[in-house]
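First up is the structure itself, then whatever we jot down about it.
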Amino acid sequence: MQETIEKTQEMIDHENAIKQILANNNNDPSRLIPILQQIQEMDKYLSKEAIEQVAVELDVPVSHIYGVATFYAHFSLNPKGKHIIRLCDGTACHVKKSHGILNKLYSKLGLSDENRTTKDLLFTIEIVSCLGACGLAPVMVLDEHVHGQCTPEKAEALIDEIIANEKAAN
Ligand code: FES
């Protein structure tokens, strides 16, 4: 029962937060992209509920919002992990064996090309084409921290550190 009440309050708070984002953008449908960006910044993805609320409040078809959200690779319709691992597979990083790091991360986290977010929503792996730091190849960015000349072992140690910190915090 307690959980239901908390959940409902959580949903109301979330709806209000979206209303605030819409108000900050003057409830203007022409500002749909920045609105979706701000919602994604808050939630880390665009949920079905958020998309439906935006459609109602801006009086635009849900299909239009899905069209925009799926057109831009930047938007995600699936939940992302708390920690985002961005692994570069641009030419310089690829030549320096970035795939070895990716394979290590996949096996460590039980992920694959088809599923890049862990079930506990702790990690998401994103593969990017160039992070603009080719001199440091291969490059991995973990929660906005750049790790140059990365190796599978270094990547694993970083993940272990996060897992240990998360356990200690719980
Ligand atoms: S190719 Fe990886 S940083 Fe440029």
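Matching residues to (1) surrounded by fewer than 16 Cβ atoms within 10 Å (Cβ to Cβ); (2) part of a helix (DSSP H, G or I):
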| position | (1), (2) |
| --- | --- |
| LYS80 | no, no |
| LEU111 | no, no |
| ASP120 | yes, no |
| GLU161 | yes, yes |
Could we say that LEU142 is out of contact with any Phe, Trp or Tyr (no Cβ under 6 Å at 6 or more places or on another chain), within 21 Å of ASP43 (Cα to Cα), modelled with pLDDT of 95 or more and of a type outside the set (Phe, Trp, Tyr) here? yes
Residue pairs within 9 Å by beta carbon, gap of at least six or interchain, first lying in the range 151-170 and within 15 Å of HIS99 (Cβ to Cβ), second loosely packed, with under 10 Cβ neighbours inside 10 Å and among the charged types (D, E, K, R), listed first then second, are none
Scanning the range 5-40 for residues that are of a type outside the set (Asp, Glu), within 14 Å of ALA55 (Cα to Cα) and surrounded by 12 or more Cβ atoms within 10 Å (Cβ to Cβ) gives ILE18, LYS19, ILE21, LEU22, ASN27, PRO29, ARG31, LEU32, ILE33, ILE35, LEU36, ILE39
Kindly establish whether LEU131 is closer than 30 Å to LEU22 by Cα and either over 14 Å from the mean Cα position of the chain (by Cα) or surrounded by fewer than 18 Cβ atoms within 10 Å (Cβ to Cβ) (or both). no
Lone qualifier among SER47, SER63 - being among the polar types (S, T, N, Q) and over 30 Å from ILE163 (Cα atoms): SER63
Scan the range 62-78 and tell me whether some residue there is over 30 Å from GLU52 (Cβ atoms) and of a type outside the set (Val, Ile, Thr). no
ALA73 fails exactly one of (1) part of a loop (DSSP other than H, G, I, E, B); (2) buried (at least 16 other Cβ atoms within 10 Å of the Cβ), namely (2)
Going through the range 82-109 one residue at a time, which ones are outside any loop (DSSP other than H, G, I, E, B), away from the ligand (no atom under 16 Å from the Cβ), touching a residue at least 24 places away in the same chain (Cβ under 8 Å) and surrounded by 14 or more Cβ atoms within 10 Å (Cβ to Cβ)? HIS83, ILE84, LYS104, LYS108, LEU109
Residue satisfying all of: in the range 134-152; part of a helix (DSSP H, G or I) and surrounded by 11 or more Cβ atoms within 10 Å (Cβ to Cβ); nearest to the ligand (Cβ to nearest atom) among these: CYS134
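The values are calculated or read from the model by the stated rules, or taken from the named source; none is laboratory data. Note that this is a predicted model, so its numbers are computed, not measured. Cβ atoms come from the backbone with ideal geometry, glycine included; neighbour counts cover every protein chain shown.
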